[in-house]
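Comments concern the structure below.
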Amino acid sequence: MYGSMPSEKIYEIAGKYNAKVVDLRSDTLTKPTPAMLRAMSEAVVGDDVYGEDPTVKELERQVALLTGMEAGLFVPSGTMSNLVAVMTHCDTRGCEIYVGEHSHIAQHEQGGAAQVAGVTVNALPQLPDGSFDLGELGSRLKSDWLHEPFSRLVAIENTINGKAVPRAWIADVARLARERNLRVHCDGARIVNASVATGTKVADILEGCDSVSVCLSKGLAAPVGSVLCGSAPFIRRARRTRKVLGGGMRQSGVLAAAGLVALKDAQEILLADHKNCRMVAEALARYQSEDFSVDLATTHTNMMFVKVRQTEAWDAYKFVARMQQVRDEEDPRDLTLVRGLALSPNLARFVFHRDIDEDMAKAVKDKIDCVLRSA
């Protein structure tokens, strides 16, 4: 799948050549830090379904404060957080929501809005900066005609594919939504990445949004969970929605404790992730290769997308496979096995995260140098 060989195979190769593995398939691969494990083991807990887990309450309070919203709700995953948001906003049967065609809601949540919530998803063409055309959005909104669904929600994503979407565009979305009596939800799985990359407070980025999902287990590197934030009445209704989806986790303070630790040093860690990603991307761009390229203008955060020109010798799947191989054991650059994902024949993704330090990033750069020089 995605051109990445099974883990047991790649570690077998690493053992054979005494090579190191650098796993850049996703920033969801991080291991809990000693501080997280300690906080989890010492967490003061209660039954969160009864609203009695103090550690969960503190996490919800801190993320709500970060996002500039009144209240938060701890849920197991970003997918559930988005689904709870959709179901809570779209509380009348026959609703329609509007999303970008490359968004997580449209592409990677198994059509949950339709499958579980009975909500129509109207996907708009995505522009290179991660936004979509608001004129197009306006033309797709429905009236009260009995043949049509109810237009109810616009869902944006920030970051999307590593790009921090323009803040001015978010303000325009919010303005249009108010004019048309719509709500705005932000899939902010990596919203803190966007904040760090742009030097803008999370709350300021989200101005005009009615709700946001903040993932703890991606760039923030906690093991589990997301926090859905919004107004206090919205979160009260969302808590009920979470219950029907099986998201009530009882003594979940043992998980929330890791999220609290993750929030403390997010700025420093994400700055390092972005710096490492940029270093590798700039090194690849310097080749000015016709076959392998990266768009530095949209490499804002911790994701590097490599465009691969499809030829008889190469495509993105072959490139990802080669990055996981050793072909010259005498060349120290080749003794790093780099895991990534081929998203299509022409596009490969590499995601930098907390468990990738500067030396590992330099090893990735050297591996790319080894592969491209022999291409």
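The values are calculated or read from the model by the stated rules, or taken from the named source; none is laboratory data. These numbers were taken from a predicted model, which means no experiment stands behind them. Glycine gets a Cβ as well: all are built from the backbone with ideal geometry, and neighbour counts include every protein chain shown. Calculation scope for accessible area: heavy atoms of the full protein, side chains included, ligands and nucleic acids excluded. Shrake-Rupley method; radii C 1.70, N 1.55, O 1.52, S 1.80 Å.
A few comments on the model shown:
- Solvent-accessible area assigned to carbon and sulfur over the chain amounts to 50 percent, based on a 1.4 Å probe.
- The range 132-245, relative contact order [Cα under 8 Å, separation at least 6], %: 19
- C-alpha long axis of helix 7-17 to longest principal axis of the chain, angle in °: 20
- At 1.002 mPa s and 20 °C, Stokes diffusion of the range 1-123 via Kirkwood alpha-carbon radius, µm² per second: 116
- Net lengthening on full extension, Lys16/Arg178 (0.36 nm per residue, minus Cα-Cα): 52.2 nm
- At R0 = 45 Å, FRET efficiency that the Cβ-Cβ distance of Glu42 and Ala232 yields, to 0.05: 0.90
- Acute angle (nearest 10 degrees) that the helix 253-264 long axis makes with the longest principal axis of the chain, alpha-carbon atoms: 70
- Residue-level accessible surface for Arg349, protein heavy atoms, 1.4 Å, Å²: 40
- Exceeding the 24 Å Cα-Cα cut-off - candidates Lys163/Lys365; Lys9/Lys367; Lys163/Lys307; Lys31/Lys307; Lys16/Lys365; Lys57/Lys243: Lys31/Lys307
- Helical runs assigned H by DSSP (4 residues or longer) give the chain a calculated mean residue ellipticity at 222 nm of -12500 deg cm²/dmol, each run adding -39500 (n - 2.57) before division by the residue total.
- The relative contact order of the chain, computed from alpha carbon pairs under 8 Å that lie at least 6 residues apart in sequence, is 25 percent.
- Cross-link partners of Lys362 among lysines (Cα-Cα below 17 Å; sequence separation of 8 or more within a chain): Lys20, Lys275
- Cα pair distances exceeding 27 angstrom across the chain, given as percent: 51
- Helix 266-285 axis, angle to the chain major axis (alpha carbon atoms, nearest 10°): 50
- Cα gyration tensor, the range 92-193 - rounded (a/c under 1.5), prolate or oblate: oblate
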